[in-house]
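Notes follow the structure.
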């Protein structure tokens, strides 16, 4: 049951071969069975089963929406009415949201079931899920390794079959990198495609929500249900949502795949490169053409990102002050101390580090040298893509330079940790859609992700390419050893 | 760029983060390394480049001036650390 | 001895009269129970986002056009970062590098001299909440109802040289924003708030002295006093060989002094940067044109028209155009009466203003409407009543006893204009006052008033005074 695709499950539900209650119960049991993965922060079985029963009634009435009755795990960054929404932080460890994020609202309107809230790096700041207040998540493929981050709980949950699909957010690779590490499909749509309303903000000009699923086809279904203009989000884009499933099987012969030399250079693990080259050969066999493209400013994506994202974060996280909600320190003499202690006790080390970087980068006398400089570089990086997409239809490469690293391996070296996102960050800076799909296993048995970047709002093209690989290979169907049944 | 103890203390004060001396030293060390890494940006000449603040060159959408929200004080204050008479309470602010 | 020249610049925060807040759909009504008008966006719940109110933009453009300013078709919202409990996000959304309104000006008039005061800029921003310092078990209470109310911050050039000029500028601005219907101008409720930047320099020196900023002073009278006090304080310091410290000072109306706000002096570094939640605001020509077409007649133009169209003098015209409502009242009354515009102006400046002031009422709250005043003046004009009786009738109308004609009827106040009847009464009076007649004839002409008084007494004031005068004179001088 837990290896079926969303399409298969929804057919079973509509034909009433299976009830949402049974399905939900099944996943709740699996979550409980594999709780050592620490993939979830909150599981409210009663609430989930209530929602499942409501979905079953709707299915019984014969008026289901495409995803009615499907249990979905949500990253704990989406505000969920009546449920703890911790964002992986102590400072929100008592925050029961009084409202729903648009993402949650849209899925609830279809009567999907909220299976639980998944673990994540604190405020989505991390690439290993090790910064969570609720402890690290284990990678189901090898529990001594990290699942990636920040949507590590969502990736691990889908990979281990604890949920048929999950939501995530991606600011610098936070959907794609854990998808790659855990062998699932993770899709970051174009900036503005999915509403950010109700998603706890990390870096507002980079954050974008998207699905983590077992296949590109499932990603298309989940994106279909969640994409679209939201009048509550001024950065949400007011343009029609295409039918993402309509073009999944389209012919790709003659289409051009750009390969930036910068994505195949120093630092790329040989095994990872091998797997990616095999996938590229598959596309060639399908009639697509491979060509070299140049993204000259790629190397500077990480430094650029580590100015912009912390700057925005330092401001976004100022609202966590212990006044209106969330954690407040016990002992204080005055207001200033209340603020400073609340925030010092409420935030973890990585979050503080980034608040400090951002505060410094925006401060008087340094703004031009850091923030403005980074924004100019961001323009150059976006321009690189614009030029590349004049020559090719999609850009491909590895999602990450290596497979999942071991727990604790990079926690003492922030820069080494940051460099893990070297291939993914550029899509956020440019605002482009990008996907990571399982492309094979490395020699150590760990999954490798293929990264596909597309033009603005060309999600259909990316999904088409991803699905075509999945039609001809079965990497996306592989479950981690020990999670097959 | 190496940050000294005093600068880091000032940043922490601006950010309202209470850090003790050893934490400040640790941050000074880490931030200096990160800033050194960030300064790779200077390899590229960006003279005359227009800064990019938003991924799409969109324009702000303006909404109609309509009251759409109703009173939700009870629900909002249920999760507040300290309230009284409908007010959020904070340590005394001296002006 | 040095002659000191004060240099004053003003920053005025004008609360815009929108129904909903600048970035949320919560109501902006004043005086609601605490935090009942603070929605998820206003209290900055995690994940919420701002959406800009078109009406706030329209009002800002309206102001810009009215002060002949440049409208920046692209303006940017930025975050001003600082921690304060009444600022829920930890930053205020404001405009920094590219405000919606650029340079403009207002012309003020003091002691008959016109002077142009430059307006540097006007930008949109959100208001903060309120801190209530009454004791809540030793804590401060925070009400966020005001948080997110749209503000237009209007920054002047340091062009004013006296507290009087500063007040003239403020009053002009106050009149203008109410004419434009973008602000109710209520200073007590904080809809119109003023900060003053004050410095002094030796007369003739071009560079500016060190300035202090006087915060949030909530009446014209206090602003004038605060600036005056601050100028004197600075002169005293400099003449004693001291130095002015650049700082924020608070005016204490009870003690009539300013004092340093040391608590707010911690080094501020606002770390402005463009708000990533709000793309640039780009206003197209058609939007600006539609605002331009909706502009009402502005105070200066109206004043000029009143002088030309109604033959009023400058002083009357200034008074009658002080508010749009008063000007409308005047014009409605004038167009409805046979009497002259000057008569209407006199009635407004005299009786009406007197009653309004006495009861602390606004022209819109006057129990005597413009139409009623017009009828009253008509009855003087057609000699139904005398001016003196008219004042009585005005009082009755004020007290809600009906309109002019009803009161005349009910109280029998119709003027006696029948010459025969008046003559008969005069004859009766003369018959009883031989002594006074002799005095009159011996040259003590001031007893004439006595006869008039007697006639008026006999007619209960209803005799037409002009006719009484004429007939009396004729008879006495015969």
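The values are calculated or read from the model by the stated rules, or taken from the named source; none is laboratory data. Predicted model, so just to flag it, every value in this text is computed and none were measured. When we count neighbours, we look across all protein chains shown, and the Cβ atoms used for this are built from the backbone with ideal geometry, even at glycine.
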- Yes or no: residue A:186 surrounded by 24 or more Cβ atoms within 10 Å (Cβ to Cβ), touching a helix residue (DSSP H, G or I) at 6+ places or on another chain (Cβ under 8 Å) and closer than 27 Å to residue A:387 by Cα? yes
- Tally, over the range A:246-268, of residues that are part of a loop (DSSP other than H, G, I, E, B) and surrounded by fewer than 18 Cβ atoms within 10 Å (Cβ to Cβ): 10
- Message: I'm trying to understand the selection: among the residues of the range A:305-340, which are touching a residue at least 12 places away in the same chain (Cβ under 8 Å), more than 28 Å from residue A:382 (Cα to Cα) and either within 13 Å of chain C (Cβ to nearest Cβ) or crowded, with 24+ Cβ neighbours inside 10 Å (or both)?
- Response: A:320, A:321, A:322, A:325, A:326, A:327, A:328, A:338, A:339
- residue B:67 in a loop (DSSP other than H, G, I, E, B) and within 10 Å of chain A (Cβ to nearest Cβ): no
- Among (1) within 14 Å of chain C (Cβ to nearest Cβ); (2) in contact (Cβ under 8 Å) with a residue 60 or more places away in the chain; (3) over 24 Å from the mean Cα position of the chain (by Cα), where does residue A:345 come up short? (1)
- Checklist (1) assigned to a loop (DSSP other than H, G, I, E, B); (2) farther than 30 Å from residue A:85 by Cα; (3) more than 8 Å from chain B (Cβ to nearest Cβ); (4) touching a strand residue (DSSP E or B) at 6+ places or on another chain (Cβ under 8 Å) applied to residue C:30, failing item: (4)
- Item | Residues (in contact with a helix residue (DSSP H, G or I) (Cβ under 7 Å, 6 or more places away or on another chain), crowded, with 22+ Cβ neighbours inside 10 Å and more than 14 Å from residue A:74 (Cα to Cα)) located in the range A:87-120 | A:89, A:91, A:111
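Can you pull out the residues in the range C:386-411 that are in a loop (DSSP other than H, G, I, E, B) and free of Cβ contacts under 8 Å to residues at least 40 places away in the same chain? Even if it seems obvious, please write down each step before you answer.
Looking only at the range C:386-411, we keep the residues that are in a loop (DSSP other than H, G, I, E, B), and these are C:386, C:399-403.
If the condition is that a residue be in a loop (DSSP other than H, G, I, E, B) and free of Cβ contacts under 8 Å to residues at least 40 places away in the same chain, then C:399, C:400, C:401, C:402, C:403 are the ones that fit.
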- Query: If you scan the range C:215-250, which residues turn out to be free of Cβ contacts under 8 Å to residues at least 40 places away in the same chain and touching a helix residue (DSSP H, G or I) at 6+ places or on another chain (Cβ under 6 Å)?
  - Reply: C:217, C:248
- Query: If a residue has to be at the interface with another protein chain (Cβ under 7 Å from one of its Cβ atoms) and part of a helix (DSSP H, G or I) to count, how many in the range B:13-29 make the cut?
  - Reply: 2
- Task: Looking at (1) in contact (Cβ under 8 Å) with a residue 12 or more places away in the chain; (2) within 16 Å of residue A:185 (Cβ to Cβ), find the lone condition where residue A:474 falls short.
- Result: (1)
- Task: Confirm whether residue C:305 is at pLDDT 95 or above and more than 14 Å from chain A (Cβ to nearest Cβ).
- Result: yes
- Take the range B:74-95 and flag every residue that is more than 8 Å from chain A (Cβ to nearest Cβ) and crowded, with 19+ Cβ neighbours inside 10 Å. B:77, B:83, B:87, B:89
- Task: Considering every residue within the range A:356-378, establish whether at least one is within 8 Å of another protein chain (Cβ to nearest Cβ), without any contact (Cβ under 8 Å) to a residue 60 or more places away in the chain and touching a strand residue (DSSP E or B) at 6+ places or on another chain (Cβ under 8 Å).
- Result: yes
- Task: Just give me the residues in the range C:13-24 being crowded, with 24+ Cβ neighbours inside 10 Å and within 7 Å of chain B (Cβ to nearest Cβ), in sequence order.
- Result: C:20, C:24
- Note on the structure: Residue count, the range C:86-106, condition farther than 14 Å from residue C:153 by Cα and in contact with a helix residue (DSSP H, G or I) (Cβ under 7 Å, 6 or more places away or on another chain), comes to 5
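If a residue must be more than 8 Å from every other protein chain (Cβ to nearest Cβ), free of Cβ contacts under 8 Å to residues at least 24 places away in the same chain and under 21 Å from the mean Cα position of the chain (by Cα), how many such residues does the range B:30-50 contain?
So the answer is 0.
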- Query: Counting residues that are free of Cβ contacts under 8 Å to residues at least 40 places away in the same chain and closer than 21 Å to residue C:380 by Cβ, which helices (runs of 4 or more DSSP H) fully inside the range C:287-338 reach at least 3?
  - Reply: C:324-336
